[in-house]
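Right, one structure below, let's go through it.
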Amino acid sequence: MDWRIEALTVARGDDAATLFRTIFPQPWERPWSPAEFTALLATPGCFGHVLVDGGDDRPCGLILVRVAADEAEILTIGVAPELRRRGGAARLLERALVECTARGVRALYLDVADDNEPARRFYARRGFSEVGARPSYYARGAAPAVAARVMRRDLWRDA
Ligand SMILES: CC(C)(COP(=O)(O)OP(=O)(O)OC[C@H]1O[C@@H](n2cnc3c(N)ncnc32)[C@H](O)[C@@H]1OP(=O)(O)O)[C@@H](O)C(=O)NCCC(=O)NCCS
């Protein structure tokens, strides 16, 4: 794939919000607004990257991370549905890991829904281990809420 990674700057809140709606179309997902992305990206410790399709210069994936002291959390990650399973999310994650390491992060955390099999497989393959759970964490409309799995990847091995 002809992809490149660019910084997700405060000025790209609109791009990020549009992409987010494409990545998370399920009716129970609350879309993040451009203002929410802008505010998050202006928060100390937050950074993000977008995956851009070199063919048409279209943003087609994103990752947003928040660093606090020597720990960090993936706030969101995703790739446009038609471009999945081509290594796009792996590229975004690897770029974020480089940035985390440069900022002195020792452990990277995330929450993933119990019923999100693609994401759980992705994280397991990328070295994350389950370290906890939050019962009934994600709303599913009229269906019962599902648990979140808390996963962690230690970064000291990457140093
Ligand atoms: C999870 C997600 C980010 C993975 O993105 P991606 O670009 O497809 O991931 P990559 O191509 O880098 O990695 C693919 C690997 O992840 C795992 N994987 C991804 N989707 C999978 C699926 N549908 N079934 C099984 N394994 C899957 C596999 O290990 C796969 O490797 P393989 O293709 O060699 O079998 C993507 O499915 C997505 O955007 N989902 C919607 C948003 C989301 O759920 N984000 C996570 C919130 S916690």
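The values are calculated or read from the model by the stated rules, or taken from the named source; none is laboratory data. As the structure is a prediction and not an experimental result, all values here were calculated from the model. Glycine also receives a Cβ, built like all others from the backbone with ideal geometry; neighbour counts cover every protein chain displayed. The accessibility values were calculated without ligands, DNA or RNA, using every heavy atom of the protein model including side chains. Shrake-Rupley method; radii C 1.70, N 1.55, O 1.52, S 1.80 Å.
At a probe radius of 1.4 angstrom, the accessible area of the chain per residue rounds to 53 square angstrom. About the centre of its Cα atoms, the chain shows a dipole size close to 420 debye [charges on the beta carbon of Lys, Arg (+1) and Asp, Glu (-1) only; nearest 20 debye].
Ranking Leu40, Ala89, Ala7 by Cα position along the charge dipole of the chain, where only Lys, Arg, Asp and Glu carry charges on their C-beta atoms, puts Ala89 farthest toward the positive end. A dipole drawn for the stretch 51-159 from +1 and -1 charges on Cβ atoms has a positive end, and of Leu75, Val112, Cys60 the residue lying farthest that way is Val112.
Over the stretch 3-158, what relative contact order in percent results from Cα pairs under 8 Å that are six or more residues apart? Before the final figure, lay out the partial values.
On the way: 283 pairs, mean separation 28.8, N = 156.
Computed value for the stretch 3-158: 18 percent relative contact order.
Residues of the stretch 104-133 with an amide N closer than 18 Å to a point placed 7 Å from the Cα of Arg140 along the Cα-to-Cβ direction: 111-121, 133.
Counting only DSSP H runs of at least 4 residues, each contributing -39500 (n - 2.57), and dividing by the residue count of the chain, the helix-based mean residue ellipticity at 222 nm comes to -8500 deg cm²/dmol.
What is the Cα centroid distance between the stretch 1-43 and the stretch 83-146, reported in whole angstrom? Answer, in whole Å: 17. Of the solvent-accessible surface of the chain, computed with a 1.4 Å probe and all protein chains present, 51% belongs to carbon and sulfur.
Please list Ser129, Ser136, Ser33 from largest to smallest accessible area, probe radius 1.4 Å, with all protein chains kept in place. Please list the in-between numbers first.
Values: Ser129 65, Ser136 85, Ser33 40 Å².
Heavy-atom accessible area, descending, gives Ser136, Ser129, Ser33.
Given a 10 angstrom Cα cut-off, can you work out which residue in Ala16, Ala35, Ala143 is the most mobile in a GNM of the chain? Between Ala16, Ala35, Ala143, it is Ala143 that shows the largest mean-square fluctuation.
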